[in-house]
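The values are calculated or read from the model by the stated rules, or taken from the named source; none is laboratory data. Values in this document were obtained by computation on a predicted structure and should not be read as measured data. A quick note on method: Cβ atoms are made from the backbone with ideal geometry, for glycine too, and the neighbour counts reach across all protein chains shown. Quick note on the areas: whole protein, heavy atoms, side chains included, nothing else; ligands and nucleic acids left out. Shrake-Rupley method; radii C 1.70, N 1.55, O 1.52, S 1.80 Å.
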Amino acid sequence: MDALLSGLSLLMSFDVLVALMIGSIGGVVIGAIPGVGPAVAIAILLPATFALPPLVGLVMLLGIYGSSMFGGSLPAVLINTPGTAVNALTTYDGYPMTQRGEATKALGLAYGASFFSGILSILALILLSPLLAKIAPMFGAREIFLAALLGIVLVIVAHRGQIAAAGMMAGLGILLQSVGMEPVKYTMRFTFGQDWLTSGLDLIVVVLGLFAISQAFSLLVDPESAPDAAPVKGGMGKEMLGVLKYKRVAATGSFFGVVMGMIPGVGEFTAQFMSYTLARKRSKTPEKFGKGSEEGLVASESANNAVPAAAMIPLLALGIPGEALTAMMLSVFYVHNVVPGPALFRDHIDFIYALYIALLALNVIVILFMLVSSNWLIRLIRIPTRFLGMMILMLSFVGVYSLRNSAVDCAIAAAFGVLGLILKRLHLPVVPIILGMVLGNIMEVKLRAAMARVTSPLDFVDRPIAAFLAIVIVVIIASSIRAAIQNHRLKIAH
């Protein structure tokens, strides 16, 4: 109880409350503008959060991450354009409902499902993080190395149909993090005699380039558009309660969101697909799915909004990010010398409780804001895309330059922006690069530490957790190879 009260007092400080309001409302606004998304917003804000206390910075970023999907459902339902990528499935049933004149009902169900799953996933975070943190002390250098390797494997396998491309992108990320002076023997790696590469490639510079600047380039080179949407009429609070009619669908979607959020590299898309597919199989009217089904809308929105809090479970307990956004948040921990894991739960439990309460408050603030501001947010949908691209580009370069006052960093970010744009045009995954950089660094450090006690490959798996992780990695790789062979045979047969 003392720790809970201490966490509440931390949260009630003025700067944390301001960060919570900015993050939650700002995330909704970002999500409602098609073409921006939380990754771009977090990438732009990340350099600024380094100068803030860790709780303030994390609450702001978590607010944007968790609330952007609420806002993303607005254009998805009203104009058939997802505000964030993970709201794409919402368009399947949300927009047909709008065409039938049921826009208020569709938005109410979307908001209700999002709030329902958000609260459930936070409860899962509160229950599971301490359990995982208790297991974490059993993780030595070998176990953490294998856990990070498992994360890389899961990230690659999650990109079905693009496994080879995802593997290459993850490998590129691992290569990029190794550039510069290595920390043990101070030898230069991949610098090619260039002094500006001595300190390596900063993760935040790469993140801003691949996500924010590439998106700005995309908005600038694509044809300009300014979509329009009709105002929403009627009370939405009553429509929100309609989610209780589909509470089993919402609970199932929340379950998939929590499970998929905890697994590195899987995230919202897989959770949505599984939730939507199961809801359609169980439905008494499966023929309505994709044509304005209320169940389908609830299934997709409940699954994607359960992921953000669940993705924090491995981050807080083990210090292993599950996807690009939590990888960015991990850098906030490290900048302030706050190391996620068992020590965080032991020494800073008030900090953990403050995060929990902030997440609960976030959902309440967002849902109240959405109820009173949906018609105001519709105006944001009409912002011309090229103006938006210029704003993102300007803010991105300001953020990059503020890191180290370096024009070289701006040039590197611009180069990664071009690379990100090319990868998007080729429909190649970008996220594995970021996770490759983060997890690759963890793997290198832990492998160096483990090698001091390892004399043979079998020494890596001579402890229960290490053996279990190694078996899981082998099984996943073998299953993926088998599935690829079966798909190849089916293609030949047809």
| field | Accessible area expressed per residue, segment 454-494, with surrounding protein chains retained (probe 1.4 Å, Å²) | value | 78
| query | Can you give the accessible area of Glu287, probe radius 1.4 Å, in Å² rounded to 10? | reply | 110
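For segment 454-494, give the percent of accessible area contributed by carbon and sulfur heavy atoms, probe 1.4 Å, rounded to a whole number. Don't skip to the answer; put the middle values down first.
Details: 2250 of 3200 Å².
On segment 454-494, the fraction of accessible area on carbon and sulfur atoms equals 70 percent.
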| message | With angles folded into 0 to 90 degrees, how steeply does helix 54-79 sit against the dominant principal axis of the chain? Use alpha carbons for both and round to 10. | response | 40
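Which percent of the accessible heavy-atom area of segment 2-453 goes to carbon and sulfur, probe 1.4 angstrom?
Accessible surface attributable to carbon and sulfur in segment 2-453 totals 68 percent.
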| remark: Relative to the chain, whose Cα atoms define the longest principal axis, helix 294-305 and its Cα axis are tilted in degrees, nearest 10, by 30
| remark: Flagged as over-length at 28 Å C-alpha distance, from Lys238/Lys291; Lys105/Lys288; Lys134/Lys245; Lys134/Lys446; Lys238/Lys288; Lys245/Lys281, the pairs are Lys134/Lys245
| query | At a probe radius of 1.4 Å, what is the per-residue accessible area of Met451, in Å² to the nearest 10? | reply | 100
| With every protein chain left in place, what is the accessible area per residue of segment 2-453 in square angstrom, probe 1.4 Å? | 40
| task | For the chain, calculate the relative contact order in percent as a whole number, restricting contacts to Cα pairs under 8 Å that are 6 or more residues apart. | result | 28
| remark: Along the dipole axis of the chain (charges at Cβ: +1 for Lys and Arg, -1 for Asp and Glu; origin at the Cα centre), the most positive-end residue among Ser302, Gly319, Ile352 is Ser302
| request: Taking the Cα centre of segment 2-453 as origin, sum charge times position over the Cβ atoms of Lys and Arg (+1) and Asp and Glu (-1), and report the length of that vector in debye to the nearest 20. | output: 980
| If one takes the longest principal axis of the Cα atoms in the chain, at what angle in degrees, from 0 to 90 and to the nearest 10, does the Cα axis of helix 349-378 lie? | 40
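Mind ranking Glu295, Glu143 by accessible surface for me, highest first, 1.4 Å probe?
Details: Glu295 35, Glu143 5 Å².
Listed by decreasing accessible area, they come as Glu295, Glu143.
Taking 56 Å as R0, compute the FRET efficiency from the Cβ-Cβ separation of Val445 and Arg482 and round it to 0.05.
Working: r = 33 Å, r/R0 = 0.59.
Calculated value: 0.95.
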